1. Sort out for me the helices (runs of 4 or more DSSP H) sitting completely within the stretch 74-170 that have 1 or more residues that are more than 16 Å from Leu54 (Cβ to Cβ) and at pLDDT 95 or above.
2. For a quick check of your reading: which strands (runs of 3 or more DSSP E) sit entirely within the stretch 240-290 and have at least 1 residues that are touching a residue at least 40 places away in the same chain (Cβ under 8 Å) and over 15 Å from Gln204 (Cβ atoms)?
3. Looking only at the stretch 115-132, count how many residues are more than 14 Å from Leu167 (Cβ to Cβ) and more than 7 Å from the ligand (Cβ to nearest atom).
4. So which pairs qualify, if the first residue must be in the stretch 72-88 and under 25 Å from Tyr27 (Cα atoms), the second must be at pLDDT 95 or above and among the aromatic types (Phe, Trp, Tyr), the Cβ gap must be under 7 Å, and the two must be at least 6 apart or on different chains?
5. Can you find even one residue in the stretch 75-88 that is within 11 Å of the ligand (Cβ to nearest atom) and out of contact with any Ser or Thr (no Cβ under 6 Å at 6 or more places or on another chain)?
6. Just to be sure I understand, how many residues within the stretch 114-139 are on the phi < 0 side of the Ramachandran plot and open to solvent by 30 Å² or more (accessible area, probe 1.4 Å)?
7. Could you list, in sequence order, the residues of the stretch 223-253 that are more than 16 Å from the ligand (Cβ to nearest atom), out of contact with any helix residue (DSSP H, G or I) (no Cβ under 9 Å at 6 or more places or on another chain) and open to solvent by less than 70 Å² (accessible area, probe 1.4 Å)?
8. Tell me, please, whether a residue that is touching a residue at least 60 places away in the same chain (Cβ under 8 Å), β-branched (Val, Ile, Thr) and assigned to a loop (DSSP other than H, G, I, E, B) can be found in the stretch 184-198.
Amino acid sequence: MKVHSFGVRDEPMSKHTSLHIGGPADYFVRVTTERDLVGAIAVAREHELPVLVLGGGTNMLVSDRGIRGVVLQNDWSETSVDGVTITASSGTPLASVAAVAARNGIVGLEWMATVPGTVGGAVHGNAGAFGSETKDVLSDATLMDLNGDTWTVSNAELGFEYRTSNLQKTPIVVVRARFRGQPGDRATAVRRIKEIANERIAKQPLAQPNTGSIFRNPPGDHAGRLIEAAGLKGATEGGAMVSTKHANFIVNVGDASAIDVKSLMERCQREVREKFGVELIPEVELVGEW
Ligand SMILES: Cc1cc2nc3c(=O)[nH]c(=O)nc-3n(C[C@H](O)[C@H](O)[C@H](O)COP(=O)(O)OP(=O)(O)OC[C@H]3O[C@@H](n4cnc5c(N)ncnc54)[C@H](O)[C@@H]3O)c2cc1C
């Protein structure tokens with residue numbers, strides 16, 4: 001494949017991120033099968049282009065200048081079930097894993113139903129909610145480097161900690177993962193999914209473009225509580241605003257730029273540091289050319 005016929009040129013990333021923010025990707029390729037994924041990585045390698053895998057785009061702030069190289073949008077969604085183990089390709093929406101589990105009478109994965117994004121994004125960032133996280137339910141994952149070599153690692157080898165894994169800041173791609181639940185029944189799982197969905201709707205500004213929690217919770221406290229106590233609920237920078245519903249969410253209320261969001265994040269960090277001596281660490285990943 002020639003590089004000029006490789007995907008779409010200069011695709012605005014604002015079309016593919018939950019914040020609706022982000023400048024152009026030089027090359028944008030959507031993959032829907034394992035073969036596509038492996039093939040696209042091989043073409044990128046041949047042309048010495050850097051690769052960024054995009055899952056749901058629900059945990060990234062893409063710079064206004066955009067992304068140099070190739071963005072691979074991972075829409076490869078495939079699951080299979082063996083007993084209480086679900087194997088899912090990395091582009092599978094996390095919510096689909098929860099649905100497959102419930103349908104098969106597997107419990108313990110219900111929390112995945114309301115975490116947006118894909119299996120790959122969840123493994124990369126140890127996504128979690130309602131007291132559970134990826135670390136608690138992942139058996140192993142198959143990874144691939146940009147040479148196309150694949151290998152399988154156990155849970156312990158992924159170095160999971162609160163909202164991180166040792167895949168972060170590396171170009172290693174998650175190909176698929178296996179999750180383990182417990183035997184249960186469908187009705188219990190469905191009831192639990194409804195409960196947590198209602199709780200989210202009540203507490204989070206889901207009607208406005210956002211990227212989930214902006215900061216990690218510091219040990220023993222909540223980033224949202226600290227930002228609110230610093231008087232920043234409703235604070236704005238350009239089109240970005242600290243949500244009035246949940247202070248650890250920044251929402252795009254107009255045509256916010258990435259710089260607006262970054263400036264507002266820095267203001268939250270500065271004021272929380274000055275008032276409470278706590279350093280807020282971003283949960284959202286800043287990607288692209290800043
Ligand atoms: C309304 C809302 C609520 C949210 N609630 C939660 C929550 O409760 N808990 C929580 O943990 N998060 C939450 N998030 C954040 C987000 O959903 C998670 O971080 C999610 O796991 C990101 O997955 P993604 O596929 O969208 O990743 P992306 O945003 O597409 O990517 C994030 C990072 O993962 C990398 N990545 C993606 N796929 C792969 C892959 N296959 N291989 C290697 N790297 C990959 C990307 O390159 C990037 O570095 C929320 C977000 C929103 C918008």
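The values are calculated or read from the model by the stated rules, or taken from the named source; none is laboratory data. All values derive from a computational prediction rather than experimental measurement. Cβ placement follows ideal geometry from the backbone for every residue including glycine, while neighbour counts extend to all protein chains displayed. Areas reflect the complete protein model, heavy atoms only, side chains present, ligands, DNA and RNA absent. Shrake-Rupley method; radii C 1.70, N 1.55, O 1.52, S 1.80 Å.
1. On the way: elements: 94-103, 119-125, 134-137.
So the answer is 94-103, 134-137.
2. Values: elements: 240-242, 250-252, 285-287.
Passing ranges, in order: 285-287.
3. Keep residues of the stretch 115-132 that are more than 14 Å from Leu167 (Cβ to Cβ), which gives 115-117, 128-132.
Now narrow it down to the ones that are more than 7 Å from the ligand (Cβ to nearest atom): 130-132.
Residues in the stretch 115-132 being more than 14 Å from Leu167 (Cβ to Cβ) and more than 7 Å from the ligand (Cβ to nearest atom): 3 in total.
4. Short answer, once both residue conditions are applied: Gln73/Phe28.
5. no
6. Residues meeting the conditions: 8.
7. Keep residues of the stretch 223-253 that are more than 16 Å from the ligand (Cβ to nearest atom), which gives 225-239.
Filter once more, so that each one left must be out of contact with any helix residue (DSSP H, G or I) (no Cβ under 9 Å at 6 or more places or on another chain): 225, 228, 234.
The one that is more than 16 Å from the ligand (Cβ to nearest atom), out of contact with any helix residue (DSSP H, G or I) (no Cβ under 9 Å at 6 or more places or on another chain) and open to solvent by less than 70 Å² (accessible area, probe 1.4 Å): Gly234.
8. Checked against the condition, which is being touching a residue at least 60 places away in the same chain (Cβ under 8 Å), β-branched (Val, Ile, Thr) and assigned to a loop (DSSP other than H, G, I, E, B), the stretch 184-198 yields no hits at all.
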